[in-house]
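First up is the structure itself, then whatever we jot down about it.
The values are calculated or read from the model by the stated rules, or taken from the named source; none is laboratory data. Keep in mind that what you see is a predicted model, and the values were worked out from it rather than measured. When we count neighbours, we look across all protein chains shown, and the Cβ atoms used for this are built from the backbone with ideal geometry, even at glycine. These area figures cover heavy atoms from the full protein model, side chains too; ligands, DNA and RNA do not enter into them. Shrake-Rupley method; radii C 1.70, N 1.55, O 1.52, S 1.80 Å.
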Amino acid sequence: MQWQTIYKKEMLDHWRHFKWIWVPIVFILFAVMDPLTAYFMPIILESAGNVPEGATIDIPTPSVGEAMIMSFNQLNMLGVLIAVVISMGLISRELSTGVYELILSKPVRYSHYMTAKFTAMMTLLSVSIILALITGWYYVTVLFGDLAFTQLLTSAIFYIFYFMLILSIVMVFNSFLTSPGLVAFLSIFTVVVLNAFTSIFDHVITWSPMLISDYIGTYIFSGEIETDLYFSTGIAIIISLLLLWLSIILLKRQEMH
Amino acid sequence: MDDLIIQLILPLVILQLILIIVALIDLRRVEATRGPKWVWILIIIFGNLAGPIIYFIVGRKG
Amino acid sequence: MAIMSANYLTKTFQGHTVVDDLSFKLEPGKCVALLGPNGAGKTTTLRMLAGFIKPSQGNIQFNEEQFAKDIRHYVGYLPQYPVFHNWMTGEEFLIYVGKLAYLSKNEAKTKAHELLDLVRLSDDKQKRIGKYSGGMKQRLGIAQALMHDPQLIILDEPVSSLDPIGRREVLNLIRELKKDATILFSTHILNDAEEVSDDILLLNHGKLLKQGAIQEIHSQQETKTIYLAFQDEPKFIEERLKEFNSVFNIKRENTGFAITVHDVNEARAQLLEVIQSEGWNLTKFEVLSASLEDIFIKAVTE
Ligand SMILES: Nc1ncnc2c1ncn2[C@@H]1O[C@H](COP(=O)(O)OP(=O)(O)O)[C@@H](O)[C@H]1O
Ligand SMILES: [Mg+2]
């Protein structure tokens, strides 16, 4: 009951602040941007007419798989960035303005407060990711050839768990910092460090959640789900839950000034 | 070719327009912004895809 | 029976003791003022009593239950600087807060409307809170504290930040509420305490200096003031009066003299005698009890 109350209020908040409109649109635009550019680039260059007589433009047209992966890559960069900045103030802003004190003076369970906010944001992000990837898939199939829809959908679902991990990192910083900007900075810093670490040791830590999008790429090419994809996604889920649990504990110890 | 452009580009232009309109509606409704409102109008309209996004993320105050 | 007792409450932040070994009880139906200068530890004390932060030592009991559940169930709390979700309407916010405190949707709605009436925000209930004035926000803050019918209402500096009109409105509201509720409110303004409270708790540097009923504290005071006024000012009056050992201090005021005395009976006799024998033409002789302000300043500076 209390959990649903907070969840509904968060959804209303996202709606009143138009997040339900702009986040999906922005994700969709990110997802179609690169495949579209890749398709039209040779045509644009040709029509620009500054090609010397006799020279042939040789930009290889990407395959379906490559084009689809371009969509994922955009979301991997810009999508993650947007996800971090729209959730950087989820709790930290309430701590710094003082709304937190008013709300938490009611018998609100810290776990409800944290997980309802997390789930509402996760709902928004999941819907945006799915819509973006479906649109991306539509563009890619129209321009580059066939790709099974179920394959795309399966990839999207795995991909959502990568965002779940990102959001739980943001929640940890939210639970003890009062500056949204600092929360965003440290979250992105953490993701960058984890990525760097993974790419240095990628033969050792094949289960790193940072490799989820790589494994999705392999799956899109081969049509076969490797165990590494299951494994790294499982790890992402476990780490997310642990981080959520940690952020609840940190929040309980929060003593506002 | 032309058909394809209309079929693929037009929806994106519409989405971009929706983004701009929603940002402008929000700008009208909101009590305070960081910096003057007219600057935000320019950013939203001429800032391409980034304009409305930047507005939604840092434009509103409080 | 006390509805709440605080036992040996202590709060330490990074080695600094901000609240030091407070013990007191709150009787049902009383309106108690927690009085103290800025930084005395009022907010910290109230946050502990509201269940918002945990005491470093000591405990808080409601209804003398040894192992109480979450004390936030018993308490309605208005923070010193209440901040709301400004995008919500006043009505939405109250219903939200009510549901957080385990009211059903219908209960929350009914209660919200009742309280919006009480704090006279019914006409503005559909407005976004961002558009409310300071006084309106403070009244909404009091309403949200009452949503779950708490046994104890805790208000942290409810009038300090308001203009005179807002202040009057909120004080009247507190006077209304105290008819059937127990209220603990903090203030650094003595007039507020005197105006609406039955009892006071005087806090400074985290320590409880005085507690009790206002009248009791008045009558405990050993020094009192006698106010004298004359038609024309007698010569050498200050020198003459200083000779008495019962006179502690003489302060010249606009229309007469405020004389602080130790033993009021002895002083009254001596003063009247000298006035009589000198033939000073007295126009006013008044025994005043020390104001709460005197008590406050004395206790805080001691
Ligand atoms: N969360 C905190 N961390 C560290 N110090 C604090 C914290 N909260 C309050 N203090 C300190 O405790 C003292 C008392 O503060 P407070 O309870 O707000 O006093 P009052 O409400 O009487 O003005 C102040 O010196 C303040 O700086
Ligand atoms: Mg205070």
Requested in this report: Determine the total buried accessible area between chain B and chain A, counting protein heavy atoms only with a 1.4 Å probe; round to the nearest 100 Å².
Outcome: 1900 Å²
Requested in this report: Under a 10 Å cutoff between Cα atoms, tell me which one of A:MET122, A:MET33, A:MET88 has the largest fluctuation in the Gaussian network model of chain A.
Outcome: A:MET33
Query raised in the report: So what is Rg over Rh here for chain A, counting just Cα atoms and using Kirkwood for Rh?
Result: 1.05
Query - Where C:LYS109, A:LYS9, C:LYS137 fall by accessible area, highest first, once all protein chains stay in place (1.4 Å) - result: C:LYS109, C:LYS137, A:LYS9
Query - Probe 1.4 Å - accessible area at C:LYS131, Å² to nearest ten - result: 120 Å²
Report task. Would you mind checking C:LYS25/C:LYS210; A:LYS117/C:LYS111; A:LYS117/C:LYS125 for any pair whose Cα atoms are more than 22 angstrom apart? Result -> A:LYS117/C:LYS111; A:LYS117/C:LYS125
Report summary line: Quarter of the surface of the C-alpha convex hull for chain B, i.e. direction-averaged projected area in nm², equals 4.3 nm²
Requested in this report: Take the alpha carbon atoms of the protein assembly as shown, find their radius of gyration, then divide it by 2.2 N^0.38 Å using N residues; give the quotient.
Outcome: 1.35
Query raised in the report: What is the magnitude of the charge dipole of chain C about its Cα centre, with +1 placed on the Cβ of each Lys and Arg, -1 on the Cβ of each Asp and Glu, and no other charges, expressed in debye to the nearest 20?
Result: 1380 debye
Requested in this report: Would you mind getting the accessible area per residue of the stretch C:221-301, heavy atoms of the protein chains only, 1.4 Å probe, in Å²?
Outcome: 61 Å²
Query raised in the report: Largest first, what is the accessible-area ranking of C:ASP192, C:ASP20, C:ASP180 with a 1.4 Å probe?
Result: C:ASP180, C:ASP20, C:ASP192
Query raised in the report: Which cross-chain or sequence-distant (5 or more) residues have an amide H under 5 Å from the amide H of C:PHE230, H modelled 1.01 Å from N in plane?
Result: C:THR283
Report summary line: Loop-resident GluC sites (Glu not before Pro) in the stretch C:24-95 with no more than 12 other Cβ atoms inside 10 Å, DSSP not H/G/I/E/B, are C:GLU64, C:GLU65
Report summary line: Of every hundred units of 1.4 Å-probe accessible area on chain B, the number belonging to carbon and sulfur atoms, as a percent, is 72 percent
Report summary line: Excluding residues fewer than 8 positions from C:LYS242 in its own chain, the lysines with Cα under 29 Å of it are C:LYS224, C:LYS251, C:LYS284, C:LYS298
Query raised in the report: Where does chain C land at 222 nm, in deg cm²/dmol rounded to the nearest 500, when only DSSP H runs of n ≥ 4 count, each adding -39500 (n - 2.57), divided by all residues?
Result: -10500 deg cm²/dmol
Query raised in the report: Can you list the aspartates and glutamates whose alpha carbon is less than 19 Å from that of C:LYS69, not counting same-chain residues fewer than 8 positions off?
Result: C:ASP149
Query raised in the report: Roughly speaking, to the nearest percent, how much of chain C's 1.4 Å accessible area is carbon and sulfur?
Result: 47 percent
Report summary line: Probe 1.4 Å, heavy atoms of protein chains only: per residue, the accessible area of chain A in Å² is 43 Å²
Query raised in the report: Hey, got the average number of other protein chain Cβ atoms within 10 angstrom for residues in B:43-54?
Result: 2
Report summary line: To the nearest 0.05, the calculated FRET efficiency linking C:VAL264 and C:ARG240 through their beta-carbon distance, R0 being 30 Å, is 0.95
Report task. Could you work out how far the C-alpha centroid of the stretch C:262-281 sits from that of the stretch C:27-87, in angstrom? Result -> 50 Å
**Report entry** Shielded residues, the stretch A:110-144 - accessible-area loss of 50 Å² or more between chain alone and all protein chains, probe 1.4 Å
**Finding:** A:TYR139
Query raised in the report: Per residue of C:52-63, how many C-beta atoms from partner chains lie within 10 Å of its own C-beta, taken as a mean?
Result: 1
**Report entry** Cross-link partners of C:LYS42 among aspartates and glutamates (Cα-Cα below 17 Å; sequence separation of 8 or more within a chain)
**Finding:** A:GLU101, A:GLU255, C:ASP20, C:ASP21, C:ASP156, C:GLU157, C:ASP192, C:ASP199
Query raised in the report: How large is Rg over Rh for the stretch C:4-218, taking Rg from the Cα atoms and Rh as the Kirkwood inverse mean of 1/r across Cα pairs?
Result: 0.96
**Report entry** In Å², nearest 10: area of C:LEU100 left accessible to a 1.4 Å probe
**Finding:** 0 Å²
Query - Reduction of at least 40 Å² in accessible surface, 1.4 Å probe, comparing all protein chains with the chain by itself, residues of the stretch A:71-102 - result: A:VAL99, A:GLU101, A:LEU102
Report task. For C:THR225, tell me the accessible area in Å² from a 1.4 Å probe, rounded to the nearest 10. Result -> 20 Å²
Report summary line: Result for the stretch C:4-218: accessible area per residue, probe 1.4 angstrom, in square angstrom, of 41 Å²
Requested in this report: Above 21 angstrom, tally the Cα pairs of the stretch C:221-301 and express them as a % of all pairs, no decimals.
Outcome: 24 percent
**Report entry** Theoretical ellipticity at 222 nm over chain A - DSSP helices of four or more residues, -39500 (n - 2.57) apiece, nearest 500
**Finding:** -25500 deg cm²/dmol
Query raised in the report: Going by accessible area, probe 1.4 Å, with all protein chains left in place, what is the ranking of C:HIS16, A:HIS17, largest first?
Result: C:HIS16, A:HIS17
